[in-house]
1. Amide H to amide H, which residues 5 or more places from residue 79 or on other chains are under 5 Å from it, using H placed in the peptide plane?
2. As a check on your grasp of the helix formula, calculate [θ] at 222 nm for the chain: sum -39500 (n - 2.57) over DSSP H runs of n ≥ 4, divide by the residue count, round to the nearest 500.
3. With each label point set 7 Å from Cα along the Cα-Cβ vector, what nm distance links residue 162 and residue 14?
4. What FRET efficiency would be calculated for the residue pair residue 34, residue 276, taking the C-beta separation as r and a Förster radius of 51 Å, to the nearest 0.05?
5. Could you derive backbone 3J(HN,Hα) for the stretch 255-263 from the dihedral phi with the Karplus parameters 6.51, -1.76 and 1.60 (θ = phi - 60°), listing whole Hz in sequence and x where the residue is Gly or Pro?
6. Calculate, in nm to one decimal, what residue 171 and residue 239 gain on full extension: separation in residues at 0.36 nm each, minus their alpha carbon distance.
7. Enumerate the calculated ³J(HN,Hα) couplings along the stretch 112-129 in order (Karplus 6.51 cos²θ - 1.76 cosθ + 1.60, θ = phi - 60°), each rounded to whole Hz, writing x wherever the residue is Gly or Pro.
8. Given springs between every Cα pair under 10 Å in a Gaussian network model of the chain, which of 136, 128, 227 has the largest fluctuation?
Amino acid sequence: MIAVVEYDPAWPARFEQLRREYAAAMAAAGVPVVAIEHVGSTSVPGLAAKPIIDCDIIVAEPDVAAASQALAGLGFTPEGDLGIPLRWAFKEPARLAGTNTYVIVEGCLSLRNHLAVRDILRQDAGLREQYAAVKRRVGATAADINEYGRGKNAVVQQILAAAGLTDAERASIDHANLVPTHAEQDQGSRDQRVISEFRANGGRVGGCYAQMSLLLLGTTGRRSGRRYTTPLSYLADGDRYVVVAAAGGAAADPDWYRNLVTRPQVTVEVGHEEFEATAFVLQGAERAATFQRFAAAQPVLTRYQDMTARPIPVIALTRLR
């Protein structure tokens, strides 16, 4: 069961407290802020919702790292982009429990998604009531947050269509699962959808992954001994495949990287092919040069590095002959 409660008139005041705190922190850090928006269901008067205040701190793309550092100064822990392009999530400190806060790039699709859902529901009472009824019904029976999200998907797509988003934009949102907040997302479930699509289409994946070169990396759990599969973008480097443990700029290395450090024998799937490989973590000048080549192909990596104090690991995957 997912708790969906009736609208609380105190929610806007709670958002305003957060907005003032965030605005002051950004100003003190010299971060230009485009806007701080109340989004999600609690931003829609009269709409039943989970009692979570969602905030989007909107900045220009070059200011993402500085904004993230300002939030870290308030006690937030960066969680990376969680697979959502140009939107970064943060784990809130205990004093701000019951909130979700994002740094998000001005004009990006994930922001337009948030604002479109909010604005059309504020304007259209009939659609608002339809959405509330679906949320109450699905929330009462959903076994978990993923089932809750699936149960709402059809009406969310209807809302986005009413807001004027194109078929392609709605498909991208649906594929990347942009509507749920970071607390609702299950990385394993999202990875599994990408893995299934990859294997069904010879390595081709749509949505926000359509322009990426993807491989599937199979690692062995360092404690459990279980096998795990992770979709990753890669850089071809001669007869090697290079991946990076960026984790969207999160503070900690991802589990798949910690696994291969302990157990470097891995499997790699590229296109229709699968083979065994050895993972080698690059060091020093080779690491720096390879990271720069990767970042030239995917400039977002430079921003990820700016967002975290850890050097992002660069790993070469070499096929076993």
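Nothing in this text is a laboratory measurement; each read-out follows from the coordinates by a stated rule. Computed from a predicted structure; not experimentally measured. Backbone-built Cβ (ideal geometry, glycine too); neighbour counts: all protein chains shown.
1. Amide H neighbours of residue 79: 89, 90, 91.
2. Details: 10 runs with 132 residues, N = 321.
That calculation yields -13000 deg cm²/dmol at 222 nm.
3. Here the modelled spin labels are 2.5 nm apart.
4. On the way: r = 48 Å, r/R0 = 0.94.
The computed FRET efficiency comes out at 0.60.
5. Rounded to whole hertz, the list is 4, 4, 5, 4, 5, 6, 5, 7, 10.
6. Values: separation 68, 0.36 × 68 = 24.48 nm, distance 3.51 nm.
Extra length available between residue 171 and residue 239 comes to 21.0 nm.
7. 4, 4, 4, 6, 5, 4, 4, 5, 5, 6, 5, 8, 10, 5, x, 5, 4, 5
8. Fluctuation is largest for 227.
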